[in-house]
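The values are calculated or read from the model by the stated rules, or taken from the named source; none is laboratory data. On a predicted model such as this, the values are computed, not experimentally measured, just so you know. All Cβ positions, glycine included, derive from the backbone under ideal geometry; neighbour counts span all protein chains shown.
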C-alpha cells in the first residue's frame with residue numbers, strides 16, 4: 001500500500017517497500033563542536049536540531065521496516081583516495097584544504113579511524129545497517145550505492161544530512177539523474193553557511209530535482225501505516 005507524503009511542490013506517493021532513508025555525512029566533522037566545520041569557522045549550532053530531526057526520521061523508518069543507509073565522507077590516512085595532482089578535489093574539499101594549510105590537523109580530519117570521521121552518537125547505525133564510505137561529495141561517486149539501492153529495489157530516497165548545499169545536494173542531484181525519486185528532509189539538514197544558502201538549496205530541490213518535506217510530516221505519514 002502506498003503512502004502519501006506531505007511535500008513541496010506537491011504531495012508524493014511512495015511505496016514503503018521501495019523506499020530508503022539516506023543519511024549523508026552525519027559525522028562529528030560536520031555536526032559536532034570541535035569537528036571540521038567548526039574548526040573552519042562555520043556555525044554548527046543548528047546541527048543539533050538537524051540530528052534530532054534525523055533521529056525522528058530514522059526511528060519512524062525502522063518502525064516501518066524501511067532501511068536506513070548511511071553515507072560517510074572519509075579518506076585513508078595516506079590520502080590515497082583523495083585525488084592526485086590532476087584532481088580538483090584536494091584544492092576544494094574543506095578537510096583536505098585545512099589539513100594542508102594547518103599541519104597540526106593532518107591526519108585528524110575526515111580520516112578513517114578518527115573521532116572526526118565517526119558518525120555522531122545520536123545516530124549510531126543499528127547492527128546490519130549499511131554504511132558506505134565515499135571519497136567525494138556525491139554518494140554515488142566511487143561507491144557501491146547505486147548497486148546497493150538497485151539490488152534492494154529502492155526507488156524513493158528520503159534524504160537528510162550535512163551539509164545540505166554540498167554533499168546532500170550533490171547526492172540528491174545524482175540520484176535524480178539516475179531516475180530515483182529524492183525527498184529532502186529539510187529540517188534534518190544543515191547548510192555549510194548562511195540561512196540564505198539553505199533557502200537556495202530548498203529552491204533547487206523543489207523546482208528542479210525532487211521534493212522537500214519535514215521529519216515530523218514524514219514520520220507521521222510512515223507511522224500512519226503501522227497505526
Worksheet item: For region 11-47, which residues satisfy the criterion of being free of Cβ contacts under 8 Å to residues at least 60 places away in the same chain and either in contact with a strand residue (DSSP E or B) (Cβ under 8 Å, 6 or more places away or on another chain) or closer than 17 Å to residue 168 by Cα (or both)?
Response: 11, 13
Discussion item. Name the single residue that is nearest to residue 146 (Cα to Cα) among those in region 71-94 being touching a residue at least 12 places away in the same chain (Cβ under 8 Å) and not in a loop (DSSP other than H, G, I, E, B).
Written reply: 71
Worksheet, complete the sentence: Those residues of region 156-178 that are over 11 Å from the mean Cα position of the chain (by Cα), surrounded by fewer than 24 Cβ atoms within 10 Å (Cβ to Cβ) and either without any contact (Cβ under 8 Å) to a residue 12 or more places away in the chain or assigned to a helix (DSSP H, G or I) (or both) come to a total of 4
Practice prompt. With the condition kept exactly as written, say whether any residue in region 46-66 is more than 19 Å from residue 185 (Cβ to Cβ), modelled with pLDDT of 95 or more and over 15 Å from the mean Cα position of the chain (by Cα).
Written response: no
Fill in: Pick from region 11-70, criterion out of contact with any helix residue (DSSP H, G or I) (no Cβ under 9 Å at 6 or more places or on another chain) and part of a strand (DSSP E or B), ranking: surrounded by the fewest Cβ atoms within 10 Å (Cβ to Cβ)
13
Discussion item. Going by what's in this entry, would residue 104 be described as outside any helix (DSSP H, G or I), farther than 22 Å from residue 212 by Cβ and without any contact (Cβ under 8 Å) to a residue 40 or more places away in the chain?
Written reply: no
Item to complete: Considering every residue within region 127-134, establish whether at least one is in a loop (DSSP other than H, G, I, E, B) and over 16 Å from residue 70 (Cα atoms).
Response: no
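Scan region 143-155 and tell me whether some residue there is part of a loop (DSSP other than H, G, I, E, B), within 22 Å of residue 36 (Cα to Cα) and without any contact (Cβ under 8 Å) to a residue 40 or more places away in the chain. Let's see the steps before the verdict.
Residues of region 143-155 part of a loop (DSSP other than H, G, I, E, B): 143-144, 152-155.
Those still in the list that are within 22 Å of residue 36 (Cα to Cα) too: none.
The answer is no; no qualifying residue exists.
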Worksheet, complete the sentence: Here the residues within region 107-120 that are touching a residue at least 60 places away in the same chain (Cβ under 8 Å) and either more than 16 Å from residue 29 (Cβ to Cβ) or outside any loop (DSSP other than H, G, I, E, B) (or both) are 119
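Before we move on, is residue 206 surrounded by fewer than 19 Cβ atoms within 10 Å (Cβ to Cβ) and under 16 Å from the mean Cα position of the chain (by Cα)? Break it down stepwise before answering.
Details: surrounded by fewer than 19 Cβ atoms within 10 Å (Cβ to Cβ): yes; under 16 Å from the mean Cα position of the chain (by Cα): no.
Judged against the criteria, residue 206 is not a match.
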